[in-house]
Structure formats: C-alpha cells, structure tokens
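Let me begin by presenting the structure, written as structure tokens, before commenting on it.
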Amino acid sequence: MDGPTDAFRDVMRSFPTGVTVVGSAHGGEKRGMTVNSFTSVSLNPPTVLICITKESGCHPVIENSGVFSVSVLAENQSELSSKFADHDEVDVHRFVGVDHRVGVLGVPLVDGAIAELECAVEDSLGSGDHTVFVGKVMSAKVTSDEFPLVFHRSGYAKVG
Ligand SMILES: Cc1cc2nc3c(=O)[nH]c(=O)nc-3n(C[C@H](O)[C@H](O)[C@H](O)COP(=O)(O)O)c2cc1C
C-alpha cells in the first residue's frame, strides 16, 4: 500500500480507543499533545508504548528529555483533547490556562484525568512518519473513578 488509503483510514476510525494527553518537558519547555496510540506492552516490568508523528513539536522534546507522561482523559474532557490536537497551537505552550501538575519525572500531568503514568523512554523505533516510543513505567496512579473519554469514527463517544 502506498500512502494512506480511504479503506485504511476507515478501518482505524472503526477501532474505538481511549484518549490521552501525552506530556513532556525539556530545558524549561513543556509540550503536550493528544494521543490515542497508547497501549500496554509488558506487565513485568510495566511498559507502555505511544506512537508520535515525527512532525509533532512533542517529538524532539520526548527524544531529548527521555521522559513522557500519559494522562487518560475523563468523558468530560473532550475540549481538552481538541485543544491538545489543535495545530494552531503548535508553537504555544498548550498547558497555559490548563490546570496541571509536574510529576516526579518533571513531566506535566493534566488535572481531572482519570489515570496517569510517568515513563522513561526505554527504546524507540521509527516507522513511516511516526516513532514508537517504548516507555518504562516509573509512576502509575488512578486519579478518579469517572468514565473515560472515547474516540470512535473521528468523534467523541462515551462508555455506555
Ligand atoms: C483523538 C486524537 C488522537 C490522536 N492520536 C495521535 C497519536 O496517537 N499520535 C500522534 O502523533 N498524533 C495523534 N493525534 C494528533 C495530534 O494530537 C496533533 O497532530 C497535534 O497537533 C500534534 O502536536 P503538535 O501540534 O505539537 O505537533 C491525535 C489527535 C486526536 C484528536
């Protein structure tokens, strides 16, 4: 297959996922973006992966800092998801005006998320226009029992 076909896009749109904000920080610069390519890789040791477009402003920050956070968004956080995916905000610090904290690894974590991880990059694999960052989980916390935000067919949905 050369290039993304409509069929490929349709298949990926059919697969419902949760929605996360991935954050990283380097040299005083905080970056964040919306990510749904988040999955568990290994339980022992706890390891996850995220796939990040090479064009993203987050990409060099994760590469240079070697750390990232994952905040799993709650069902009432779709506006936050849109904000962290907004290309007009590429060069701005998206965390401005967003309630957040800095975790043990120095990475930003979104307040109001239902769960959060902090990870140290263990490995990375370039594939096409994305990089797969494999992260060793250094901190993991469930922060609320709200329902998660769901992304399906290019729109937001709710569990149930
Ligand atoms: C629900 C949703 C999920 C997304 N998942 C990913 C993803 O897994 N990887 C990725 O590189 N971009 C993903 N994006 C797109 C990025 O959030 C978007 O391109 C963002 O602007 C990139 O950050 P930047 O503007 O700082 O480069 C997703 C967008 C949305 C709305």
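The values are calculated or read from the model by the stated rules, or taken from the named source; none is laboratory data. Bear in mind the structure is a predicted one, so any value in this text is a computation, not a measurement. We work out accessible area using only protein heavy atoms, side chains counted, and drop any ligands, DNA or RNA first. Shrake-Rupley method; radii C 1.70, N 1.55, O 1.52, S 1.80 Å.
Worth pointing out:
- According to the Cα-based calculation, Rg over Rh for the stretch 15-61 is 1.02, with Rh computed by the Kirkwood formula.
- Karplus-derived 3J(HN,Hα), 6.51/-1.76/1.60, for each residue of the stretch 31-36, Hz, glycine and proline x: 10, x, 8, 6, 9, 10
- For the stretch 21-160, the relative contact order works out to 28 percent when only alpha carbon pairs closer than 8 Å and six or more residues apart are counted.
- Amide H contacts for Ser139 (H built 1.01 Å from N in the peptide plane; partners 5 or more residues away or on another chain; cut-off under 5 Å): Glu118.
- Hydrodynamic radius (Kirkwood) for the stretch 87-160, which is based on Cα pairs only, to one decimal in Å: 15.1
- Phi angles of the stretch 130-138 translate, via the Karplus equation with coefficients 6.51, -1.76, 1.60 and θ = phi - 60°, into HN-Hα couplings of 10, 10, 8, 9, 9, x, 7, 6, 9 Hz per residue; Gly and Pro are given as x.
- Integer Hz, Karplus 6.51/-1.76/1.60 couplings in order for the stretch 48-60, x for Gly and Pro: 10, 9, 9, 10, 10, 4, 5, 7, 5, x, 6, 4, x
- Above 21 Å, the calculated P(r) of the chain contains 44 percent of its Cα-Cα pairs.
- Separation of alpha-carbon centers, the stretch 102-121 and the stretch 136-160, rounded to whole Å: 14
- Accessible surface computed residue by residue for the stretch 63-132, with neighbouring protein chains in place and a 1.4 Å probe, gives 50 Å² per residue.
- Where N is the number of residues in the stretch 90-131, Cα Rg divided by 2.2 N^0.38 Å: 1.49
- Calculated [222 nm] ellipticity per residue, helices only, for the chain: -3500 deg cm²/dmol; basis is -39500 (n - 2.57) per DSSP H run with n ≥ 4, divided by all residues, nearest 500.
- Split the accessible area of the chain by element, probe 1.4 Å, and carbon with sulfur accounts for 53%.
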